[in-house]
Amino acid sequence: MQDIVLRTEALSKKVSSPEGSLTILDDVRIAVQSGESVALVGPSGAGKTTLLALLAGLDRPSHGHVWLCGEELTALDEDGRARLRGDRVGFVFQSFHLVPSLTALENVMLPLELTGADGAKARATDALTSMGLGERLGHYPNQLSGGEKQRVAISRAFITKPEVLFADEPTGNLDTATGERVASLLFDLNKEFQTTLVLVTHDRELAARCDRIIELASGKVVP
Amino acid sequence: MSGLRFGLKTLLRDSRTGELGVLLAAIVVAVTAMTAVGFFTDRVGGAIRTQASAVLAGDLDLSSTDPIPAEYMRDARARGLDAAELMTFPTMALAADNNSLALIKAVSSGYPLRGEILVSPQMFGEAAPVQGIPAPGEAWAEPGLLARLDVDVGATLVVGSASVVVTQVLDYQPGQGVGGFSQLAAGLLVNIADVQAFDVIKPGSRITYRQIFAGEPGAVDDWRAELRVRVGKSVRIRGLEDAGEQITAAIDRAQRFLTLASLVTVILAAVATAMAARRYALRHLDTIALMKSLGATQGFILVSTLSQLGLVIVVTALLGTFLGYGAQGVLVGLGASLLKVDLPPASWFAGALGLLTAATITVGFALPHLLKLKDTPPMRVLRHDLPPPRLNTGLSYGIAILALLFMIGAIVQDLLMLGLIAGGLIIVGATAVAGGWFLVWILTRFRGAAGVSWRYGLANISRRGSESVVQIVAFALSLMVLLLLTLVRSDLLSEWQRTVPEDAPNYFLINIEPEQWPGISDFFEEKIGTAPDYLPFLRGRVTRIKGEAVDDIQFPNPRAENFAKREGNLTWRSALPETNEIREGEWWAAANQGEIEASLEVGIARDLGIAVGDTLGFNVGGEDVDVRVTSLRFVEWDSMQPNFFVMLSPGLTEELPQTYIASVFIPPEKRRILSDFVREFPGVTLLDLEVILSQVRMIIERASMAVQYVFLFTLLAGITVLLAAIQVTKDERRFESAILHTLGAGRRTIMQGLAVEFTALGTLAGLLAAFGATAVGWVVAEQAFELDYGLNPWIWLVGCLVGALIVGFCGTLATRGAVNEPPVAVLRDG
């Protein structure tokens, strides 16, 4: 049996609202193996994005525990979780989230520089060139097309060779053809780097390409 | 990438895309305003000091009844200072059949070091400035002396063993206003080289030796510090602050006006900075959340933020100071002909002020908002609708207010003013916020009253609740400044100028025997139609304070010691003069015939540690009297009325040896009656106040002009507040306009809605501003400048109209771009 890289136990998230306490996630227990690709699916409001945020340590649960790459996230403070993400985790977002003040190259260099890794510029240049963006290194995000932005974002996500990649609707803002190309790229890299892939999507076809689908409804995992 | 590099890179990128524009502009305007004000007021202040020097004849004055060592003159010159010496003594002057006591003023070449001597070729003729001093053997005589001797220009006067020829009538000499009324004989200005030939200086002669110095302020201060150590107790040192109470009071007011102008600029710029920084921080939440999701720690974000702030401070300080220097250069160029004075060069103090301003405003008002960035939840990368981290308002505004007070304290160096401003800020702020909420609430009642544009516009104001209040308060602040600058300022300035009215007394009559008074009164009644007011005038020396002999008391400062150990001027009065105000105790009952009561000027009472109820002993004309202090008075020194540190109650005081003193306004065309007066009442001394009066007026005029220039910058700061307030909701408006466009609203409807909203905001702000300006104007007039300020009813109408027009026009114009953007681009950006 392969290693478990991501695991939750009795994970719950509640928020207060004008109508009283609202349960977003309720007693979620999942385990993801290393190198596995998992799709989180479900209707709007099912708690997919909240679960992704808790798995990546972007938010804290109300109850329960999350283990990411062997570390218990709930035991770490915010800086500790940030360091763990910097070292072991990559992200791809629906709206790309490139830093507007940095060029394509600098955006890809950023995770390496944050962790103090060597050869950031050369590695980022190679990554972008292999994505077909060798001519776009010095361009700022507002000078790139949607597909180009997402390819820069994917290069940035994989540049640290993360153990886990979280993707939130990675093709949601792209047209069908571009979305298809970006999805293929994502899965190719997932295979190439043996990265565990956890993605949130409404797209059934995209979900179907994953090894496993976890369906959420009203904050619970549908058995 | 280090936090430092990331911070600087983001900042540079933002400044290129205009993202940072409003924030940088607000701070640069603040620094420009402060340094321009600093450079300019520094120079104007210098010019005003020069004016005061003209009254003193120099920047520093030594006087003694013993000869002052000549080496001081030599040493001062070695330090690059100008120096001159004077000797003053009374002696008899003889001319043909007449003789009179004359006050000989012997001066060395170089006198006066500041100001100029005015002479005329005949008695009461047209006075004109003259270069140099009388040649040896010549003299310039005051009209009173010539009248008493019944001679005119050209006469030969015998002084001691020598004689001098009168070549000019001496109308004014710098320094004649110094020393009060102690120099009672009419003056004769001669060359100091003649003194030996006069051969009148004998042991026991009442002679005053003086040395005067002038030069760069720093050098004069150094020299003064050295003299304090070197000179003996018998030598009195006087500087510009001693140059007559009238002049210093006028300068003091001028500085208060200028300071007020620069302070309002700082406050407005700080408000604009806080608003712009808040917007800047809000727009960077997503980037910070992303950085955190990629592994950036809070430390990284902090270093990045602090490096941005550091760069902002340096850049804005340099740019603002550079612009400020240029701006004051232009101002000086524009104002030179009006100011009619060569301004001294600016000192680098104002440059340092630029850095201080940038740092204070940035740290105090931008830092709290930017510091909160590090608390941005990383979850925001997935959920844009998460609220921004909450600012601890107590802490952040605490820092901001501390920073502001620190800044104000450094500029004002006046605790009363600081207290007034701090209190004023709190009251204006709280009232404005409360007023803003109230007005928004009222407005909500009208939202259904008209068409769709009106409903949309008014609904926006009430829906945005707190943001609308922030905007109203910000608009109100800048409008308030506008109103203060126009209506209130001109009211205040004219009120101030009224303190020295056109018909202020221009002559003092001194040394009047009580029995002469009816004759003098009749003389003026006949010649100019009004009898002058008179005051009894007693010369007295303090002998005991609270029962303790004066000689045994250690005094806290030279002013107190001078007062206690020198013969001073006293008067008695039944009624409190109009230009005085009781601050403690009570003025005596007119019928009091028992124990003599005294009323002291508050400042001197404080210096001497005297309170109401304490006793003082005086020796008046050889008679010892004890008095009880029953009140302390505030004295309006620049009223140009005879003012006294000590006033006594009538009754027993009337029995003491005394003369009368009177002040009278003689119109210029009737000055010739003075010849008749001097001949008819030869024992009475005339003191010409015209020159001092015109100097006080000139200082007021120059300072008023400077204040108007200075307020131009305040206006600029007000405009940045206006821009920042419009920017606050710009992003939201952009998004809303896109939605409305999508729903089918025409550009015209949206623009009308915006116009309604901004016009309504402007009107409300104008109302609030009129209230604020009236209140601030009143407090400032009453408390800081001791002026009576009448309320101006126009301010309400002008406030609302100007508010509606300016805010309505600027607001609609500035958000027009948002309406014009294609909705799809806006909606896709989220």
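Within region A:96-117, identify whether any single residue is more than 22 Å from B:T10 (Cα to Cα) and either at pLDDT below 90 or in contact with a Gly (Cβ under 9 Å, 6 or more places away or on another chain) (or both), and answer yes or no. No. The set of residues in region B:564-603 being farther than 24 Å from B:Y534 by Cα and of a type in the set (A, V, I, L, M, F, W, C) consists of B:A564 alone. The combined condition, being within 13 Å of another protein chain (Cβ to nearest Cβ) and either touching a residue at least 24 places away in the same chain (Cβ under 8 Å) or crowded, with 24+ Cβ neighbours inside 10 Å (or both), is not fulfilled by A:L144.
Quick check, is A:V108 under 17 Å from the mean Cα position of the chain (by Cα) and part of a loop (DSSP other than H, G, I, E, B)? Spelling it out, it is not the case that A:V108 is under 17 Å from the mean Cα position of the chain (by Cα) and part of a loop (DSSP other than H, G, I, E, B).
Exactly one residue among B:L146, B:L170, B:L113, B:L157 is buried (at least 22 other Cβ atoms within 10 Å of the Cβ), hydrophobic (A, V, I, L, M, F, W, C) and either assigned to a helix (DSSP H, G or I) or not assigned by TED's automatic domain parsing to the domain that holds B:D66 (or both), and that residue is B:L146. Could you please find all residues in region B:78-98 being of a type in the set (S, T, N, Q) and either outside any strand (DSSP E or B) or in contact with a Lys or Arg (Cβ under 9 Å, 6 or more places away or on another chain) (or both)? B:T88, B:N98, listed by residue number. Is it true that some residue in region A:24-35 is within 29 Å of B:G299 (Cβ to Cβ) and either assigned to a loop (DSSP other than H, G, I, E, B) or within 14 Å of another protein chain (Cβ to nearest Cβ) (or both)? Checking region A:24-35: not a single residue is within 29 Å of B:G299 (Cβ to Cβ) and either assigned to a loop (DSSP other than H, G, I, E, B) or within 14 Å of another protein chain (Cβ to nearest Cβ) (or both). In region B:445-455, the condition of being modelled with pLDDT of 70 or more and under 27 Å from the mean Cα position of the chain (by Cα) is met by no residue. For B:D66, the test of being surrounded by fewer than 18 Cβ atoms within 10 Å (Cβ to Cβ) and within 21 Å of B:A155 (Cα to Cα) is failed.
Filtering region A:169-223 to residues that are among the hydroxyl-bearing types (S, T, Y) and part of a strand (DSSP E or B) leaves only A:T196.
So how many residues does region B:306-318 have that are within 14 Å of chain A (Cβ to nearest Cβ) and either without any contact (Cβ under 8 Å) to a residue 12 or more places away in the chain or among the hydroxyl-bearing types (S, T, Y) (or both)? Looking only at that region, the number is 1.
Candidates are the residues of region A:36-84 that are part of a loop (DSSP other than H, G, I, E, B) and within 12 Å of A:L11 (Cβ to Cβ); the one that is nearest to the other protein chains (Cβ to nearest Cβ) is A:D59. Has region B:319-338 got any residue that is modelled with pLDDT of 75 or more and within 14 Å of another protein chain (Cβ to nearest Cβ)? Taking every residue of region B:319-338 in turn, none turns out to be modelled with pLDDT of 75 or more and within 14 Å of another protein chain (Cβ to nearest Cβ). Restricting attention to region A:85-105 and to residues that are small (G, A, S) and part of a loop (DSSP other than H, G, I, E, B), the residue that is nearest to the other protein chains (Cβ to nearest Cβ) turns out to be A:S101. Here region A:114-132 is the region considered, the condition is being surrounded by fewer than 19 Cβ atoms within 10 Å (Cβ to Cβ) and assigned to a helix (DSSP H, G or I), and the residue that is nearest to the other protein chains (Cβ to nearest Cβ) is A:T115. Contact map, region A:3-27: residues that are farther than 14 Å from A:G70 by Cβ and touching a residue at least 40 places away in the same chain (Cβ under 8 Å) paired with residues that are among the hydroxyl-bearing types (S, T, Y) and not in a strand (DSSP E or B), Cβ distance under 6 Å, separation 6+ or inter-chain. Pairs shown: A:S12/A:S62; A:K13/A:T50; A:K13/A:S62; A:K14/A:S62; A:I24/A:T50; A:L25/A:T50.
The sole residue among A:R29, A:R7, A:R60 that is crowded, with 17+ Cβ neighbours inside 10 Å, under 27 Å from A:V221 (Cβ atoms) and basic (K, R) is A:R7.
This table checks each residue for (1) touching a helix residue (DSSP H, G or I) at 6+ places or on another chain (Cβ under 8 Å); (2) surrounded by fewer than 23 Cβ atoms within 10 Å (Cβ to Cβ); (3) more than 17 Å from A:V152 (Cα to Cα).
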position	(1), (2), (3)
A:F166	yes, no, no
A:N173	yes, yes, no
A:Q194	no, yes, yes
A:L197	yes, no, yes
A:V200	yes, no, yes
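Within region A:58-68, the only residue that satisfies the criterion of being under 15 Å from the mean Cα position of the chain (by Cα) and at pLDDT 90 or above is A:L68.
The values are calculated or read from the model by the stated rules, or taken from the named source; none is laboratory data. Fair warning: this is a prediction, and the values are worked out from it, not measured in the lab. We place every Cβ from the backbone using ideal geometry, glycine too, and count neighbours over all the protein chains shown.
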